[in-house]
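Following: one structure in structure tokens, then a few remarks.
The values are calculated or read from the model by the stated rules, or taken from the named source; none is laboratory data. As the structure is a prediction and not an experimental result, all values here were calculated from the model. With ideal geometry, Cβ positions are generated from the backbone for all residues, glycine too; neighbour counts draw on all protein chains shown. Ligands, DNA and RNA are stripped out before the accessible areas are found, and what is left, the full protein with its side chains, is counted by its heavy atoms. Shrake-Rupley method; radii C 1.70, N 1.55, O 1.52, S 1.80 Å.
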Amino acid sequence: MNIVVCVKYVPDAQAERTFDSSDNTTDRANVDGLLSELDEYAVEEALQIVEAGEGEVTVLTVGPASAADAIKKSLQMGAHRGVHVDDDAIHGSDAIATSLVLAEAIKKIGADNPVDLVVTGMASTDGAMGVVPTMLAERLGLPAVTLASELEVDGGSATIRRDGDTSTQSITATLPALVSVTDQINEPRYPSFKGIMAAKKKPVEHWSLADLGVDASQVGLDAAWTRVETFTARPPRSQGEIVNDEGDGGQKLAAFLGEHKFV
Amino acid sequence: MPPIVLYLYVNVKYAPQAQRHEFEDTMFELSQDHEDLRALVRDFAEREVAPNIAKWDAAAYFPTDLVPKMGDLGLFGLVVPEELGGTAGEGGSDFTSLCVAIEELGRVDQSIGITLSAGVGLGINPILTYGNDEQKQRFLPDLVAGRALAGFGLTEPDGGSDAAASRTRATLEGDEWVINGSKAFITNSGTEITSVVTVTARTGTNADGSPQLSAILIPAGTPGLTVEPAYHKLGWHVSDTHGLSFDNCRVPAANLLGEPGQGFKQFLKTLDDGRIAISALALGCARACLELATDHAKTRVAFGRPIGANQGVSFQLADVEVMVEASRALTYKAAWLKDEHQAGRRSVGEVKQAAAVAKLYSTEAAVAATRIATQVFGGNGFMEEYPVARFYRDAKILEIGEGTSEIQRMVIARGLGLPA
């Protein structure tokens, strides 16, 4: 089983995240980043599949030099090798361009050893659009089974459980396929010290757009179908209203809730 | 994140005369491996410990399930060789890395930090250092994996700092040791997964009349061993601490750990390592206080501005920053010396002195840092909802355990060549 997991290096959600005022893209330079927590589930799921049988997990990321940390963490968890696509021209790319770069990279990864399964998180924790998995499947011509909270790979097919609001669905796709997973699917492992040591010896390939045969004009801010025109910081939260209970606290509370249309 | 590089140019005046290196340049740094381990332990502590710790602390609950998770991370095996399940010698797997792990756990909670520190330093280390192959094979794999914990029974109710004045006796009857006496304040000795306690006991008298001490392995559940109810402690509520009593407790003669009569020497060495680990724990405590109090001083508004705008507050936090930096430098210098000693490049005297210096400074700094942090939080700092209150309670024992501040000053003064 040859599995590719797409991972993203994102600004730490615990930190103060902002936009870069020069071009209104996400500020990645002035904030600590990490492997998107939603992608940890994808890495974990891929590892469980190969550990139960056999195969190799390749983690793929598109991002600046610092994104190497997302690959490193995945390798520490147990992935076998990494591919890092880094090219200045990619800066500011939208989901459409990102999916193009990922698709070309996956084709290149599969050139010698065909890819059986592509696993992604359900969305990134920064952009949070959740559209890249389906765009990627479209570009690769793969069946996409998304938002899996359970995944079983058996011979030539992948079966997922998808929990909807009104029903639970079981969906099967023939391999090769793309699966996106939710944060309900597993409990991602922590790396171990042994994993940290082992990761240092694992191969990581660095590819540019030229290596993928992607023209710089197809990606980046200028090629983006959408862009952030302006941004305004949310005003700081104002102090709450303190209601003193003088025997009519309940009424005042009800009046407050009614007045603000909470009830 | 670039590795933190500590360049320390020291005129080593503290080392005993014999080991003094005048105007010697000492440089040490934490490697990328150490920093990777730090990131791992920090993430683990913030996700697995931080959300639960207030609840555990209030209930004085020992989270048994957390121990195998720490084992999975490899934290108990950092100083243990590969054949026994550890990683020692691999990359940055050394005593320094253990200190990094203790510091990061201690930054989130001191009880969890001491559980690791004691688990390795007092539980694993004596068996690893002095045990024979059979003893190592019997106990270490489970201890390294976090499936079991071990305690070290040294302190006695009437003993304390005067550790040689042991009243617990072990007499050889046939092929069994018969142990009678009691021990006090023994960490990790009464958990559900405690497998063994190493106990020091009088096994005879030396020619000069001083007691001959030996260390004996007493497996949990041995008849005659009573684990007393957990202590009600000021702090370290989540750490497992019990008194132990021995009433004709019998174990095979083969349970002797190391050489007979060498118990005193053996535990002194154990304590030297432990002091560096406690210094790392104290560093974690001071860092937590610095981070918590600085955040609070930036956001808490009084009289129309953040309280950190007042020098009465900001200068105190500046002092804590100095304490943290000094504590970090002393801790990792001592840890580095210990690793260098292990590699045969530094003398035991240098380690002993550096350990005492680090332990004394870092623990007293940690107590001061908790006092300042609690004050910065005002009334809230006295409330258990705020972690600084827990750190305030937890810090005091740092100045007492593994050698009181007074004992450290004694050791340091002797290291200066002053008459004992």
Check your understanding: Which residues, counting only those in the stretch A:183-234, are within 14 Å of another protein chain (Cβ to nearest Cβ) and not in a loop (DSSP other than H, G, I, E, B)?
Key -> A:F193, A:K194, A:G195, A:I196, A:M197, A:A198, A:A199
Practice item. Only residues that are in contact (Cβ under 8 Å) with a residue 24 or more places away in the chain and not in a loop (DSSP other than H, G, I, E, B): list them for the stretch A:1-26, please. Key: A:N2, A:I3, A:V4, A:V5, A:C6, A:Y9, A:V10, A:P11, A:F19, A:T25, A:T26
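Give the number of residues within the stretch B:193-215 that are open to solvent by less than 20 Å² (accessible area, probe 1.4 Å) and more than 16 Å from B:L149 (Cα to Cα). Lay out the reasoning, then the answer.
Initially, the stretch B:193-215 is screened for residues open to solvent by less than 20 Å² (accessible area, probe 1.4 Å), giving B:194, B:196-201, B:213-215.
Filter again for more than 16 Å from B:L149 (Cα to Cα), leaving B:200-201, B:213-215.
Of the residues in that region, 5 qualify.
Go through the stretch B:312-353 residue by residue and tally those that are in contact with a Phe, Trp or Tyr (Cβ under 8 Å, 6 or more places away or on another chain) and closer than 24 Å to B:E104 by Cα.
Taking the stretch B:312-353 first, the residues in contact with a Phe, Trp or Tyr (Cβ under 8 Å, 6 or more places away or on another chain) are B:326-327, B:330, B:332-333, B:335-336, B:338-339, B:342, B:353.
Now narrow it down to the ones that are closer than 24 Å to B:E104 by Cα: B:326-327, B:330, B:332-333, B:335-336, B:338-339, B:342.
Looking only at that region, the number is 10.
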Check your understanding: Does A:I171 fit the bill of being more than 14 Å from chain B (Cβ to nearest Cβ), out of contact with any Pro (no Cβ under 7 Å at 6 or more places or on another chain), within 19 Å of A:V119 (Cβ to Cβ) and not in a loop (DSSP other than H, G, I, E, B)?
Key -> yes
Practice item. Mind checking which helices (runs of 4 or more DSSP H) fall wholly inside the stretch B:21-122 and carry at least 2 residues that are without any contact (Cβ under 8 Å) to a residue 60 or more places away in the chain, within 14 Å of another protein chain (Cβ to nearest Cβ) and of a type outside the set (A, V, I, L, M, F, W, C)? Key: B:32-44
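Please go through the stretch B:153-181 and give me each residue that is part of a strand (DSSP E or B) and crowded, with 19+ Cβ neighbours inside 10 Å, ordered by number.
As a first pass, look at the stretch B:153-181 and keep what is part of a strand (DSSP E or B): B:153, B:169-173, B:176-181.
Selection gives B:G153, B:A170, B:W177, B:I179, B:G181.
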Check your understanding: Just wondering, is there one or more residues in the stretch A:240-248 that are part of a loop (DSSP other than H, G, I, E, B), among the β-branched types (V, I, T) and over 16 Å from A:S93 (Cα atoms)?
Key -> yes
